[in-house]
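The values are calculated or read from the model by the stated rules, or taken from the named source; none is laboratory data. This one's a predicted model, so the numbers in the text were calculated from it and none came from an experiment. Quick reminder, even Gly has a Cβ in these numbers, built from the backbone with ideal geometry, and neighbours come from all protein chains shown.
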Amino acid sequence: MVLPAPRTRAEEVVAYVEDAIEKRGLRPGDHIGTRADLREQTGVARATVNEAIRLLQERRRIAVRPGPGGGLFVAATDPVVRLGRTLLTVHGEPSAVAGAIEVREQLEPLVAVHAAQYRSAKDARELKALITAMKKSLDDVSRFVSLNWDLHLRIAAISPNTVLRGTYVGLYEFVNQVSLVDSQSPGGDYLAQRLKVHSDLVAAIVAGDVVAARHAAEAHRHSG
């Protein structure tokens, strides 16, 4: 009998994270924690945590987002792995982000319609809570943008269509990874307008109004 090779400390941390994802029922886009959280929970050195994160990223199990509201998130899983590889190959092309945004925006209405069709009471509560948090963050651009990202991920998570959900989240993740947020802009008026657009979208989803959800998603797509 051939015994399995002993796991390294980094591989033990990988197993810990994968087990935590399963036990907590986390879905693509859900927040896992931070590097500091992982060090505290596992008691390993910083270098070991960094190696574990590298392995988890290579296996497409997590995505790492920097800045306020960032940390470790559950990555979009198959069938979006192929999409992720495609995006990596075009990462350096000037038109890559614009192309990703264009495709993502074409998916917005369908994502919104699915959310209106399949939302649960829990979904509705969490979407409304995110809108409330965005309203309280109009004077904090970084926080507002982070919450806006969380809102879109939460809406997408409602869809039972794994291909739609994975593709949409993968595109959103790609755009956020290669785009920078300017903490000095946009202004308050712009953020207030974005809040109104997203509030209308959430209201339609919560009401289960498919037509209104589609129209709200179209308004979101064309509002910049």
One residue from Val90, Val13, Val81 being surrounded by 12 or more Cβ atoms within 10 Å (Cβ to Cβ), farther than 24 Å from Leu147 by Cα and at pLDDT 90 or above: Val13
Test: residue in the stretch 57-66 that is under 17 Å from Glu173 (Cα atoms), in contact (Cβ under 8 Å) with a residue 24 or more places away in the chain and of a type outside the set (D, E, K, R): yes
Qualifying positions in the stretch 156-179 - within 17 Å of Val206 (Cβ to Cβ) and touching a His at 6+ places or on another chain (Cβ under 9 Å): Ala156, Ile158, Ser159
Residue check for Arg7: within 25 Å of Leu151 (Cβ to Cβ) and modelled with pLDDT under 90: no
Inter-residue pairs, beta-carbon under 7 Å, first free of Cβ contacts under 8 Å to residues at least 40 places away in the same chain and outside the structural domain of Phe174 (by TED's automatic domain parsing) and in the stretch 28-40, second aliphatic (A, V, I, L, M) and assigned to a strand (DSSP E or B), 6+ apart: Gly33/Leu72; Thr34/Leu72
Candidates Ser142, Ser146, Ser137, filtered to the one that is outside any helix (DSSP H, G or I) and surrounded by 15 or more Cβ atoms within 10 Å (Cβ to Cβ): Ser137
Subset of the stretch 199-216 [more than 13 Å from Pro109 (Cα to Cα) and in contact with a helix residue (DSSP H, G or I) (Cβ under 7 Å, 6 or more places away or on another chain)]: Ser199, Asp200, Val206, Gly208
